[in-house]
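Chemist: I have a structure I would like to understand better, so I am pasting it below and will then ask my questions one at a time.
The values are calculated or read from the model by the stated rules, or taken from the named source; none is laboratory data. Note that this is a predicted model, so its numbers are computed, not measured. As a convention, Cβ positions derive from the backbone with ideal geometry for all residues, glycine included, and neighbour counts pool all protein chains shown. Ligands, DNA and RNA are excluded from the accessible area calculation, which covers all protein heavy atoms including side chains. Shrake-Rupley method; radii C 1.70, N 1.55, O 1.52, S 1.80 Å.
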Amino acid sequence: NEDLAELAKKVTCPALLVYGSDDNETPSEFGRRYQGLMRDADFFEIKGENHLSILDSPVAQNLIEEFLKARFKCWRC
């Protein structure tokens, strides 16, 4: 029930939004909406993951690492 749209508009740094397709607490539609409000955001939806399972998802971990490598050249230099 929390709307973070106004905060999303203020984000100026690169952002990675990763959502699970089975998340009933924060559905992926929120991520798509926030991506449209942010200056530089990537959005990914991982099929079969929910609000908590995504935290241990190897797919999510890989997305985060690839995002950091691409955006911040010194990631794990």
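Chemist: What is the residue count in the stretch 58-73 for residues that are within 22 Å of residue 27 (Cβ to Cβ), without any contact (Cβ under 8 Å) to a residue 12 or more places away in the chain and in contact with a strand residue (DSSP E or B) (Cβ under 9 Å, 6 or more places away or on another chain)?
Modeler: Matching residues across the stretch 58-73 total 0.
Chemist: Let me ask something additional. Taking the stretch 18-77 on its own, how many of its residues are among the charged types (D, E, K, R) and under 12 Å from the mean Cα position of the chain (by Cα)? Spell out how you get there, then give the answer.
Modeler: Initially, the stretch 18-77 is screened for residues among the charged types (D, E, K, R), giving 22-23, 25, 29, 32-33, 39-40, 42, 45, 47, 49, 56, 65-66, 69, 71, 73, 76.
The next check asks that each one be under 12 Å from the mean Cα position of the chain (by Cα); those that pass are 29, 32-33, 40, 42, 45.
So the count comes out to 6.
Chemist: Please specify each residue of the stretch 62-77 satisfying the condition of being open to solvent by 50 Å² or more (accessible area, probe 1.4 Å) and not aliphatic (A, V, I, L, M).
Modeler: 62, 65, 66, 69, 71, 72, 73, 74, 75, 76, 77 - these are the residues of the stretch 62-77 that are open to solvent by 50 Å² or more (accessible area, probe 1.4 Å) and not aliphatic (A, V, I, L, M).
Chemist: Just give me the residues in the stretch 31-61 being open to solvent by less than 70 Å² (accessible area, probe 1.4 Å) and either in a helix (DSSP H, G or I) or polar (S, T, N, Q) (or both), in sequence order.
Modeler: Across the stretch 31-61, the qualifying residues are 31, 34, 35, 36, 37, 50, 53, 54, 57, 60.
Chemist: For the stretch 3-30, name all the residues that are assigned to a loop (DSSP other than H, G, I, E, B), surrounded by fewer than 11 Cβ atoms within 10 Å (Cβ to Cβ) and not hydrophobic (A, V, I, L, M, F, W, C). Quick ask: steps written out before the conclusion?
Modeler: If we filter the stretch 3-30 for residues that are assigned to a loop (DSSP other than H, G, I, E, B), which is where we start, we get 3-4, 11-14, 21-27.
Now drop any that are not surrounded by fewer than 11 Cβ atoms within 10 Å (Cβ to Cβ), which leaves 3, 12-13, 24-25.
Across the stretch 3-30, the qualifying residues are 3, 12, 24, 25.
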